[in-house]
Structures are given as structure tokens and as C-alpha cells.
Amino acid sequence: MQPMATSPHPLATRAGADVLQRGGTAAEAAVAMGAVLAVVMPHFCGLGGDAVWLMADRDGWATTLMGIGQAPGVLPDLPDALPLRGPGSMLTTACAVDSWDHALRLSASRWSGAMTPEALLAPALTLARDGFRPSDSQRFWLDFRAADWPDWPGFAAQFAAAENDLLRQPQLAEILSLMVRDGFRSFYQGPAAQRIAQGLAQAGAPLTAADLAATHSRAAQPLSQPYRDLTLLAPPPPTQGITTLAIMGILDRLRIPRDPAMRTHLLVEAVKQAFLDRGRIADPDHAGDDISALLYPDRLDAKAGAIRADRALAWPHRVRHGDTVFFAATDGQGRCASVLQSTYFDWGSGCVIGDTGIIWHNRGASFATDPTHPNVIAPGKRPFYTLNPGIALKDGRPHLLYGTQGADGQPQTLAVLLSGLIDLGLSPEAALAQPRFLLGRTFSDSRDSLKVEASLGDAAIASLAAMGHETAELPTLSPIFGCAGAIRIDATGCSGAHDPRGEGLALRRRHRPRRGGSAAADVGCPVSVERRAGPGHGPCTMSA
């Protein structure tokens, strides 16, 4: 089997593909990609954020790594409405780095992985030190928040201007160097942790050195749900993975038509039925409610039966916006990693902490303050989490790797993507290019409307309106619909793609016979992707 990597940035995909070419495992390739993305996509992810992993192999083993930071041990005085930006939003520790460490330990114990942090962090360290040209996506979000970021601590000095069109991050490079020297846990205990704790204190965040030291990712059994002839895996609470599985469980009870309007209607209505239960999701260590019943067959039967084929359910519920990155890899032995990494909102809290070059995330803003709410903030608690990467198994072996950006839009995009891949038999490239929808309010549109891409077609959009959907048409391939990726593994090999709404790509290496040395050819899009105005661009993909 030929290995493959996919990510939303060509430089990250290249780093992952190079690890696979050198015989590295899927987890090692994912760590290399995650580190590069933390440097080259600072508007969506970074060392100051979290990560959620799914790992699986052909021997039937699968696990979830929950790289989710926790609230401080001592809570500050909190307002009724938690701040969305600034030091007041920095209410959880960052666990992405520890998830890398945990993934590599599993890779070593189960997959005989042997690559060092020095080798895996080298591409990210070079890019942070020597610089790179910011992506169109980064420039878009810098411009989009131009009225806000002049007030964000430390932000302007790092991101406002790039010398010779290059963005260099020497302080971030120093933190990466300390992790190369002292190991990933030095981010939480050691010289790097000391600098981070000082920066958090200077910024006015309530997080302490003790909170950093208490931060650990956790392995957990994935949730599973049958869909057609596959088994879908998702991370458990506090993530919304159970919501994605509920949507697909509802759809599994329906016949999905090819008519664009009817298909979209059923997908939207399944989303609504699953989202009605989403308020119950919270940290299982702090919530007494066992929500596994949301996937019970009789409950899914009832949800499917509540959907009217000719009428939309009224929908006044607000959808939250957030940004993240999806990346995935499969190696030559069919071992897989499917990962989402995030600082929640674009640019997270907006705060660059101390002299570290790290933007801290604002995931703590997703806590509730109502003491009766399952997701109410509490010392050491993990918040409700939108990240839910997926793996679909066929006959017990990884068949699809998938995930998307988009916070509350993630389950919605995954429903479209999975239905396209499975029900319609589309290639990853075609499935990712399908017209998408986004239900409810967004950061750019306060109406409780169903946003649909214009590529759905005038007739289909009119049919949706006739069924009672309050539709709002957005441009085709609009970045508001998130940036997803997918890899398909079957008997003929791998095919993969990253979203045409972004600049990413899927890449594998084609091995050639060797004589006295290594030889390989890239298969996929070149790393130098054509730049266009705006954050969303044409597809850059590879199919085996």
C-alpha cells in the first residue's frame, strides 16, 4: 500500500509525505504535519491550542486521543457572559503538544515507530526560524480582523508585517528548539513551561504553572455507529462526535435520493434532529448524564421518523463559529491517523503570550456559566468540544479518513461529505467539491437561515424554500463552509484530496526500484500552489 498524507497547507502535507517516505508511521507523519501547521497556519491552530486524534490499523485496533486542555484549578471571578477574546477567554490549558507526545508513544509501542522529536519538528523549526510566505487564508483572516487585532496583546508585533513578504517567528522557533532538546513534556514542565507560565501571567490569564503541569491528553475508546456497510468511528464526549454519529445513524434509516433539493433537505433535517440533543454533551468526568442513549437504535428510529419529507422543522438555535485544521495520514502498512487541531476562533484569544510567540486559544469561551448547565465551567473541567475527526472501517479495517474545519458546522459538512463518499460513490475530490449548507447564525450572518452554496442550483434552492427552509445563498466554494479533507483506502490503493475552498492538498510518494539509495517521485499537486485573491481556491488533489 502506498502511503498518503493530506492537510490544508502544502508545506505541512510535504512534511508528512516526507516522513512516510522515510518509513515513518502515520502517527509520526501526523505529528510532523501538526507541527508545521502550528507555524504556517497561526490563524487556525498552534502550540497554544488543542488536538483530537483517531488512530486505527488493519489489525482491528483503534483509539482516540483527547488532547483537550482543562480549566484552571482556581477559577477567577467570571462574568455572566464569558469573553470571546483577550486574556479573559484564556480559560483552558493547551494540550496539542502533549497529544503529539502521546501519539508518538502509541506509535512506538504498537507500530514500532522510531522517529525522534528532532526529526519530526525539523521542518516546523526551519519554517519558524527562516520564515515562509503567508497563505491567502492567513492574509484574509488578518484583513478580516483588522479592526480588532491592534488591541490584542503582542499580536501586531508578530503578525502585522512580514519582512520581504516572509513571516519569521524566532520566539516560536526557540520554544520548538526547547522541545527538541528537552522533549514534548517540557512544554508543560521545564524551561519552556516556565516561559509559557510567565507569559500567561503577564497577559492576565488565570492559568498557572501548576495548571500546565496537570495537562495530559487521554486515550479513550472511540464511539461507533453503523452506516450502510461501514462502521463510523468518532471521539467521545466532551466532543460532538456523538452528534455526527447520530446524524449518520438517522440518515442510515432513510433512502438518500440523488435529487439535490431532496437530498439536502434530508441531510439538514437529520442535522436538526441530532442537534436538539447536543446541549447534553459535557466532560464525562463532571457530568452524570450518560448520553450513550443518543445512539440507541430506537432513538435513532424515532428521530428518522420525525423527519417530514415535504416540510422543514423550524430552527431558531444559534450555531457557533470556529476554525481549525484537519490533517490525516496512512502509511505503507495501512495504519492511520485522523486529526483535528485548533485554537477555536480564527486567531484564538488574539493574545501572544510573553516572549514565546505562541497565540493562546479561547476554547474556554465555549463553557457555560449557568450552574445548572452540563457544560458549566468548573476547576479542572474540559469544555464542550467541536473537534471530531473520523475514520470509517470496512470489514474492520480503515477505509475512509475524514474531518473538517468549522466548529458547529463540522457535523453538517461531514454529513454532506460522508453521504457523497458512501451513498453517491463519489471520489474524495468530487465529494469535497459538493455544494454544502450551514444551518443557523454565523459570525458574518445573524439570521437563523440555511446558508447554501450557489452551486446547489437555483431550482434546488427554490425547492428548499418551498419546503419552509429560510435559505440564504452564498458564493460557490465559499470558505465559510469550512475546509475538509478525505482519504479513501481500498484494494486498489489510496485516493485523497483536500478542500477546493482552501489551499491544501493530498500527496503520496510513488516508490521506484532502488539501487544503492532512495528514489521516489511525488504524486500530487506541486507545493507551489497558484495564489489567488481570497481565502478559497481551486482544488489541489491526488488520486491513486
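Some observations on this one:
- Pairwise centroid distance, computed over Cα atoms, of region 162-194 with region 1-57, Å: 18
- Label-point separation, ALA306 to ASP229 (7 Å along Cα→Cβ), nm: 3.3
- Cα radius of gyration and Dmax for region 230-286 (Å): 13.0, 44
- Net charge of Cβ neighbours under 9 Å - reference SER478; Lys, Arg +1; Asp, Glu -1: +2
- Radius 12 Å from Cβ of LEU127, net charge of other residues (Lys, Arg +1; Asp, Glu -1): +3
- The chain - mean residue ellipticity at 222 nm from DSSP helices (-39,500 (n - 2.57) per run, n ≥ 4, rounded to 500): -9000 deg cm²/dmol
- For region 78-148, the convex hull drawn through the C-alpha positions has a volume of 166 cubic angstrom per residue.
- Cut-off of 10 Å, at most 16 other beta carbons, DSSP loop: longest stretch of the chain lacking such chymotrypsin sites (Phe, Trp or Tyr not before Pro): 62-442
- Rule-of-thumb Rg ratio for region 1-75 [Cα; 2.2 N^0.38 Å; N residues]: 1.27
- A simple spin-label model places the labels of ASP277 and ALA119 4.5 nm from each other, with each point 7 Å out along Cα-to-Cβ.
- Extension gain (nm, one decimal) between GLN189 and ALA220, 0.36 nm per residue minus Cα-Cα: 8.8 nm
- Diffusion of region 61-116 by Stokes-Einstein, at 25 °C in a medium of 0.890 mPa s and with Rh set to the Kirkwood radius over alpha-carbon pairs, works out to 176 µm²/s.
- Extension gain, LYS394 to LEU78, is 109.0 nm, computed as 0.36 nm per intervening residue step minus the present C-alpha separation.
- Rounded to the nearest 20 debye, the dipole magnitude of region 217-300 is 340 debye, with +1 charges on Lys and Arg beta carbons, -1 on Asp and Glu beta carbons, and the Cα centre as origin.
- Each label was represented as a point 7 Å from its Cα along the Cα-to-Cβ direction; for ALA430 and ASP458 these points are 2.6 nm apart.
- Calculated P(r) over Cα pairs in 10 Å bins from 0, in percent (choose from (i) 4, 20, 32, 28, 14, 3, 0; (ii) 4, 17, 28, 28, 17, 5, 1, 0; (iii) 3, 13, 14, 13, 13, 11, 8, 5, 5, 7, 6, 2, 0), label: (i)
- Ratio of Rg to Rh for region 465-512: 1.22 [Cα atoms; Kirkwood radius as inverse mean 1/r over pairs].
- For region 12-154: rounded, prolate or oblate by the Cα gyration tensor [a/c cutoff 1.5]: oblate
- Two-decimal log10 I(q)/I(0) for region 335-436, as the Debye equation yields it once each C-alpha is a single scatterer, q = 0.12 Å⁻¹: -0.58
- Given +1 at the Cβ of Lys and Arg, -1 at the Cβ of Asp and Glu and no other charges, the dipole of the chain around its Cα centre is 1140 debye to the nearest 20.
- Charge dipole of the chain about the Cα centre (unit charges at C-beta), most positive-ward option of VAL416, LEU200, CYS95: VAL416
- Dipole magnitude (debye, nearest 20) for region 1-115, charges at Cβ of Lys, Arg, Asp, Glu: 320
- When only alpha carbons are used to place a centre, region 347-370 and region 263-282 end up 29 Å from one another.
- Karplus-derived HN-Hα couplings along region 348-365 (A = 6.51, B = -1.76, C = 1.60, θ = phi - 60°), whole Hz, x at Gly and Pro: x, 6, x, 9, 8, 8, x, 9, 9, x, 9, 7, 7, 7, 10, 4, x, 5
- Alpha carbon centroid spacing (whole Å) that separates region 285-316 from region 401-421: 18
- Equivalent ellipsoid, region 258-340 (semi-axes from 5 times Cα gyration tensor eigenvalues, Å): 28, 22, 16
- Positive contributions from Lys and Arg (+1) and negative ones from Asp and Glu (-1), summed over other residues with Cβ under 15 Å from the Cβ of PRO76, come out at -2.
- Burial ranking of peptide ranges 25-37, 459-471, 6-18 (average Cβ count within 10 Å, highest at the top): 25-37, 6-18, 459-471
- Shape summary of region 179-238, radius of gyration then Dmax from alpha carbon positions: 18.0, 54 Å.
Just so you know, all these numbers are worked out from the coordinates, no wet-lab data involved. Predicted model, so just to flag it, every value in this text is computed and none were measured. No Cβ is skipped: glycine too gets one built from the backbone with ideal geometry, and neighbour counts run over all protein chains shown.
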